[in-house]
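The values are calculated or read from the model by the stated rules, or taken from the named source; none is laboratory data. Note that the coordinates shown come from a computational prediction; the quantities given were computed from them, not determined experimentally. Here Cβ is always computed from backbone atoms with ideal geometry, including for glycine, and neighbour counts include all displayed protein chains. These accessible areas exclude ligands, DNA and RNA; they are computed on the full protein's heavy atoms, side chains included. Shrake-Rupley method; radii C 1.70, N 1.55, O 1.52, S 1.80 Å.
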Amino acid sequence: MSEELLINNSEKVEVELSAGEQRQIRLLSPRNLHLTIHQKQGSDLLLHAVSLADEDAHISINVFQEEPDCTTALYGLAFTRGKQVVNIETHVFHNVGHGKSSQLFKNVLADDSRVSFYGELKVLPDAQKTEAFQTNRNLLLSRSAKVETRPQLEIYADDVKCSHGATTGQLDANALFYMQQRGIPKEQAQRLLLQAFLEEVVQTIPDEKFQADVRRQINERL
Amino acid sequence: MLDINNLHATVGGKEILKGLNLHIGEGEIHALMGRNGAGKSTLSAVLTGNPAYTVTEGTVRFNGKDLLGMSPDERANEGLFLSFQYPVEIPGVSMVNFLKAALNAKRKYQGLEPLSASDFLKLKREKEKLLEITSGMQNRSVNEGFSGGEKKKNEVFQMAMLQPCLAILDETDSGLDVDALRIVAEGFNKIRTDKMSAIIITHYERMLDYIHPDYVHVLYNGRIVTTGDASLAKEIDDRGFDWIEEKYND
Ligand SMILES: Nc1ncnc2c1ncn2[C@@H]1O[C@H](COP(=O)(O)OP(=O)(O)O)[C@@H](O)[C@H]1O
Ligand SMILES: [Mg+2]
């Protein structure tokens, strides 16, 4: 059975997942959070970090796979606007072998807002058979929005599968035109594309109430 | 219905259309032929208002209105439809949501209420049957992972849903095997009303075996250089474009 923990605006939080434990953690628009998670053998973490408020935020997520066979899945989405500044850091440490980690962080930036994503992924010498992936995708809605993405992979074991990818772009002009050619006004077409972009993260939220809440908050910002 | 007068257009700083004239009356089928790169897709892009293309001179009237002054969605809602040569994949937007948005945008433009869920489903099923489309396709994201043939079929299916008064089919036949071509072309014929007009852009004559054109035009050097009936398409199929281009080289 999975347990849930909703952390709002606490500054420093430490969590331990005991052997075999499955846990979901939801972060809804924390302002300043330094979250540290220790994973024991075979534990399974599913974390969603959602930033849909208008304040500046600094979110640091630190995961230590301290025993073998752990699984870590981190998902994040942010939709910033105005002069907002949101910093997101993830630090995932594979200290021992046979662990899996995946990260998908998607951000939409409007107006003059700024987002930085710093993703540290460390695979230590003992962590053979690790599989670790990290993806960061950003969508800029205005010329004055700025994103800084800094993936940092440090891999000291040789028998591992690791990858990372980061992209930053604008809404697909061809898709926009295609929709307009079908009669859909530009603003509505833009909304549909933005929802689609974030939906990749939203659809991974298991809790239906939380999922509906996130969708509603996204729509309020469109 | 459509009056194109002295149309000049550029893309990427290069002039592609150089004074094109074309008149299309209600219910007429016009085939537009021409070599690769002649500017056929440029004409469809300009007519539908693709922002990557710039009109530098000329006028286009559509049902009496100034077409070039309208936004792409207004043009669509006035009844202009393009079956894209390269349909666009839109990951994360389901076909169903896309179709609903398109249909209801048109209804809103016409001052009508949105379609009820059951009426929408009924219409969708009816048109799927017409084009022999399995409904599984409609549960996926727009064009995502569709084969070349599925994409073209999906274009004509959208046309069936939206019932335009002028449809441009930009190489809807290319990439289709014989069976798919028959289904798409016969589907088009079933969708057609006496009032609907069409521009069929094609390299080949085989599409025109199903959809009989009233006129066949050849685009060369940014203009329509010659116009004939269906026999012109046959002749081009046999002899290529060289003999036409030689005549009109400046
Ligand atoms: N986006 C673009 N940027 C620059 N040149 C383009 C672009 N699109 C088309 N062209 C050029 O315009 C010309 C006409 O292209 P197109 O209208 O696609 O021809 P057709 O459909 O008749 O094969 C070609 O020379 C092509 O290379
Ligand atoms: Mg073309």
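At-a-glance table
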{"read-out": "Using θ = phi - 60° and Karplus 6.51 cos²θ - 1.76 cosθ + 1.60, couplings along the stretch B:75-91 (whole Hz; Gly, Pro as x)", "value": "4, 4, 6, 7, x, 9, 10, 10, 8, 5, 4, 10, x, 8, 7, 10, x"}
{"read-out": "Chains B and A, summed buried accessible surface - 1.4 Å probe, Å², nearest 100", "value": "1800"}
{"read-out": "The protein assembly as shown - percent of accessible surface contributed by carbon and sulfur, probe 1.4 Å", "value": "46"}
{"read-out": "Mean shadow area of the stretch A:3-170, taken as a quarter of the surface of its Cα convex hull (nm²)", "value": "8.3"}
{"read-out": "For chain B, alpha-carbon Rg over 2.2 N^0.38 Å", "value": "1.00"}
{"read-out": "Potential extension, B:Asn189-B:Thr56 segment - 0.36 nm per residue separation minus Cα distance", "value": "44.3 nm"}
{"read-out": "Cβ-Cβ FRET estimate between B:Glu132 and B:Asn36, R0 fixed at 35 Å, reported to 0.05", "value": "0.70"}
{"read-out": "Hydrodynamic radius by Kirkwood, which averages 1/r over all alpha carbon pairs of the stretch A:87-142, in angstrom", "value": "12.7"}
{"read-out": "Within the protein assembly as shown, percent of DSSP bridges classed antiparallel, to nearest 5", "value": "20"}
{"read-out": "Calculated P(r) of the stretch B:9-120 - Cα pairs past 16 Å, %", "value": "68"}
{"read-out": "For A:Gly119, residues with placed amide H under 5 Å, excluding near neighbours", "value": "A:Thr90, A:Arg150, A:Gln152"}
{"read-out": "Whole-Hz couplings from phi, Karplus 6.51/-1.76/1.60, listed for the stretch B:41-50; x for Gly and Pro", "value": "5, 4, 4, 5, 5, 5, 5, 8, x, 4"}
{"read-out": "Estimated inter-spin distance, A:Thr36 and B:Lys18, nm [label 7 Å along Cα→Cβ]", "value": "7.3"}
{"read-out": "Long-range lysine pairs (8 or more apart or interchain), the stretch A:3-170, Cα under 21 Å", "value": "12"}
{"read-out": "Distance between the stretch B:223-244 and the stretch A:119-147 - C-alpha centres, whole angstrom", "value": "57"}
{"read-out": "The stretch A:119-218 - Kirkwood radius from inverse mean 1/r over Cα pairs (Å)", "value": "16.6"}
{"read-out": "A:Asp158-A:Ser60 pseudo-label distance in nm [points 7 Å out on the Cα-to-Cβ vector]", "value": "3.5"}
{"read-out": "Order by protection proxy (mean Cβ within 10 Å, highest first), peptides B:237-249, B:119-131", "value": "B:119-131, B:237-249"}
{"read-out": "Amide hydrogen neighbours beyond the local backbone of B:Met196, cut-off 5 Å, H modeled", "value": "B:Gly27"}
{"read-out": "Charged-residue dipole, Cβ positions (Lys, Arg, Asp, Glu), the stretch A:3-170 about Cα centre, Debye nearest 20", "value": "740"}
{"read-out": "Minimum 20 Å² accessible area buried by the other protein chains, the stretch A:188-222 residues, probe 1.4 Å, relative to alone", "value": "A:Gln188, A:Leu192, A:Ala196"}
{"read-out": "Gyration tensor (Cα) of the stretch B:183-230, equivalent ellipsoid semi-axes in angstrom", "value": "22, 12, 9"}
{"read-out": "Convex hull per residue volume in Å³, alpha carbons only, for the protein assembly as shown", "value": "179"}
{"read-out": "Relative contact order of chain B, defined on C-alpha pairs under 8 angstrom at six or more residues apart (%)", "value": "27"}
{"read-out": "Within the stretch B:59-90: backbone nitrogen closer than 17 Å to the B:Asn5 label point (7 Å, Cα to C-beta)", "value": "B:59-70"}
{"read-out": "Relative contact order of the stretch A:3-170, defined on C-alpha pairs under 8 angstrom at six or more residues apart (%)", "value": "16"}
{"read-out": "The stretch A:3-170, accessible area per residue, ligands and nucleic acids excluded (1.4 Å, Å²)", "value": "42"}
{"read-out": "Integer Hz, Karplus 6.51/-1.76/1.60 couplings in order for the stretch A:151-165, x for Gly and Pro", "value": "x, 9, 9, 10, 10, 10, 10, 9, 9, 9, 10, 9, 7, 8, x"}
{"read-out": "Pairwise label distance in nanometres, A:Gln170 with A:Gln211, each label 7 Å out on the Cα-Cβ vector", "value": "3.4"}
